[in-house]
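Okay, structure first, notes after.
The values are calculated or read from the model by the stated rules, or taken from the named source; none is laboratory data. Bear in mind that the values here come from a model prediction, so they are computed numbers and not experimental data. Virtual Cβ from ideal backbone geometry, glycine too; neighbours counted across all protein chains shown.
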Amino acid sequence: MRTARSQWRGRIRNFIAYCREFGFRGAVEIVWHRLCASKEFGVRVRGIPSRVWIRRDASDFALLRKIVRDRECLPSLSFEPRSIVDLGANVGYCSLLYVAVWPRAKILCVEPHPDNARILRRNLRPYTNVHVVEAACWPRKETVVIENPEALTVSFRTKSEHLGLTVPVVTPDELVHAVGGPVDLIKCDIEGAEGLLFDTTLFTTCRALVIELHERYYPGVTELFRRYVHKRKGSILPLGEYLTVIFH
């Protein structure tokens, strides 16, 4: 009896938390789809104008909750960005926030994993100012693979090698060309590969950067980042797991 009561209390607490994070309608849709064991489903999320698609058997729901609740990838800027590049876009939840806050910005979502890119396209399809680039951002054209394709969908790592899931490559210069000049805002969460990009035109000309560093995958990347920010005279502001950098 106590176990059953505890389970119901836990479910009620979860529903209340869902209401705070997604609104009442979104909370009801989430509970319904989870009860029905839907493999993929779309829900309404407060503040986002279109349906948000979730894969049941991936880490999408936990990621969505974190992004909606904490908004760590959404920096406070003194200007409205006209161009945004989302490196490691996953299934597009950060970019959906960017669309909601800065609806006139041109956004490029860069994601190398095919199934992530599939849901990414589904999430961003309603927006003509958002474009999906199914590729890994890499400083040069060479063979790049996802070395851990069996990992959680938020943890794929790319490397220059021939063993793994081969993916297309887009260079930083190509991304700058695609938006028509220096990028106003970069969001970067690419599991260590960020250490290869600090000296590229994409990073040396941007106005603001939101980044998660992955020292465990790229030893020394934190020091590289500090040198990069110092050289560009940037100001660092912690934002949860991310760091926001504003360049002057």
Does the stretch 212-223 contain at least one residue that is surrounded by 18 or more Cβ atoms within 10 Å (Cβ to Cβ) and closer than 13 Å to residue 73 by Cβ?
yes
Given the condition buried (at least 18 other Cβ atoms within 10 Å of the Cβ), of a type in the set (A, V, I, L, M), outside any loop (DSSP other than H, G, I, E, B) and at pLDDT below 90, answer yes or no: does some residue in the stretch 130-139 qualify?
no
Return the pair list, or none, for Cβ contacts closer than 8 Å from residues in the stretch 173-192 that are without any contact (Cβ under 8 Å) to a residue 24 or more places away in the chain to residues that are crowded, with 21+ Cβ neighbours inside 10 Å, at least 6 apart or on different chains.
none
By residue number, the members of the stretch 177-198 that are more than 23 Å from residue 147 (Cβ to Cβ) and surrounded by fewer than 20 Cβ atoms within 10 Å (Cβ to Cβ) are 177, 178, 179, 180, 181, 182
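Can you tell me which residue is nearest to residue 69 (Cα to Cα) among those in the stretch 25-44 that are surrounded by fewer than 13 Cβ atoms within 10 Å (Cβ to Cβ) and without any contact (Cβ under 8 Å) to a residue 12 or more places away in the chain?
Keep residues of the stretch 25-44 that are surrounded by fewer than 13 Cβ atoms within 10 Å (Cβ to Cβ), which gives 32, 35-37, 39.
Among the residues that remain, those that are also without any contact (Cβ under 8 Å) to a residue 12 or more places away in the chain are: 32, 35-36.
Working: 32: 21, 35: 23, 36: 25 Å.
So the residue we want is 32.
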Looking only at the stretch 31-74, count every residue that is more than 19 Å from residue 100 (Cβ to Cβ) and in contact with a Phe, Trp or Tyr (Cβ under 9 Å, 6 or more places away or on another chain) and tell me the total.
9
Candidates 103, 112, 126, filtered to the one that is in the same structural domain as residue 76 (by TED's automatic domain parsing), surrounded by 17 or more Cβ atoms within 10 Å (Cβ to Cβ), of a type outside the set (Ser, Thr, Tyr) and in a loop (DSSP other than H, G, I, E, B):
112
